[in-house]
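Everything below concerns the one structure shown next.
The values are calculated or read from the model by the stated rules, or taken from the named source; none is laboratory data. Predicted, not measured: the structure shown is a model, and the values here were computed from it. FYI the Cβ positions are ideal-geometry reconstructions off the backbone, even for glycines, and counts take in every protein chain you see. Quick note on the areas: whole protein, heavy atoms, side chains included, nothing else; ligands and nucleic acids left out. Shrake-Rupley method; radii C 1.70, N 1.55, O 1.52, S 1.80 Å.
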Amino acid sequence: MSAGTRGPVPGHGRREGLLGALRRVADPGLLVHLAKVARFYSYAHVQPRRRITAGPGLRMSPVASLRNGERIVLGSDVHVGERCFLWAGDSTGRIVLGDKVLLAPEVFITASNYGLAHGTPVMDQPKREADVVIGSDVWLGARVVVLPGVTIGDGAVVGAASVVSRSLPAHCIAVGSPARVVGWRDGYVPTDDPGSAVAP
């Protein structure tokens with residue numbers, strides 16, 4: 001090494017890395033964004049969760065999204081998986097789940113929908129609300145969508161990515177978009193014809 005050349009200063013790289021990390025954390029844009037995320041989390045989870053009615057043993061992911069918690073009723077031992085959406089209506093539409101209901105990740109249940117009248121933008125139309133009622137011992141697979149006005153009977157199982165746009169009978173196995181009955185829980189013998197058991 002020549003006389004005019006200096007070697008690396010011990011610890012200099014670590015100090016620069018730490019200072020850079022502190023500058024990134026103290027970035028005003030990041031702090032504003034974190035405040036917005038915290039506000040949204042309060043709106044989408046914390047506040048509506050305080051207003052829901054739930055039996056004992058509720059297990060709900062902290063990233064579940066809730067709307068109008070005062071119109072959400074959950075039975076005992078209900079499991080709400082990651083990134084599930086329980087969106088009750090703004091004025092009347094309720095979501096009611098029985099006991100031991102299992103919602104896999106990203107299940108979307110809504111009791112509200114927009115109107116479809118011609119000539120008015122969809123987002124400007126009044127919402128149409130109808131209760132969603134899900135019985136006990138129901139399992140909804142990942143990314144199932146349940147639309148307003150649907151009733152799902154006790155013991156039903158709905159396969160992943162299905163769209164439930166009409167009511168399903170108790171103890172059925174349903175899949176597809178729209179969800180259709182394809183079988184029955186092991187050991188269950190239906191007393192009605194599946195076609196007559198499913199509402200149009």
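Under the simplified labelling scheme, the residue 33-residue 122 pair shows an inter-label distance of 2.9 nm, with each label point 7 Å from Cα along Cα→Cβ.
Once the Kirkwood radius over Cα pairs is known for the chain, the Stokes-Einstein relation at 20 °C and 1.002 mPa s delivers a diffusion coefficient of 109 µm²/s. Electrostatic bookkeeping for residue 117 treats Lys and Arg as +1 and Asp and Glu as -1; over the other residues with beta carbon under 13 Å from its beta carbon, the sum is +1. In terms of its alpha-carbon gyration tensor, the range 19-123 comes out oblate; a/c meets the 1.5 threshold, while b/c is at least as large as a/b.
Compared with the dominant Cα axis of the chain, that is its longest principal axis, helix 12-25 is turned about 40°. The residue among 42, 182, 81 whose Cα reaches farthest toward the positive pole of the charge dipole of the chain, with charges on the beta-carbon of Lys, Arg, Asp and Glu, is 42. For the chain, the longest principal axis of the C-alpha atoms and the axis of helix 28-41 are separated by about 20°. What the range 140-187 shows is 41 Å² of accessible area per residue, with the surface traced by a 1.4 Å probe over protein heavy atoms.
For the chain, the relative contact order is 11 percent, taking Cα pairs closer than 8 Å that sit 6 or more residues apart in sequence and dividing their mean separation by the residue count.
Hey, what number do you get for the chain at 222 nm if only DSSP H runs of n ≥ 4 count, each worth -39500 (n - 2.57), divided across all residues, to the nearest 500?
Mean residue ellipticity at 222 nm (helix-derived): -5500 deg cm²/dmol.
Sorted from longest to shortest, the spans of the Cα atoms of the range 52-113 along the three principal axes equal 28, 21, 15 Å. Seen from residue 99, the other residues with C-beta closer than 15 Å to its C-beta sum to a net charge of -1, counting Lys and Arg as +1 and Asp and Glu as -1. The Kirkwood radius of the range 84-138, taken over pairs of alpha-carbon atoms, gives through the Stokes-Einstein law at 4 °C and 1.567 mPa s a diffusion coefficient of 104 µm² s⁻¹.
Of the solvent-accessible surface of the range 51-97, computed with a 1.4 Å probe and all protein chains present, 55% belongs to carbon and sulfur.
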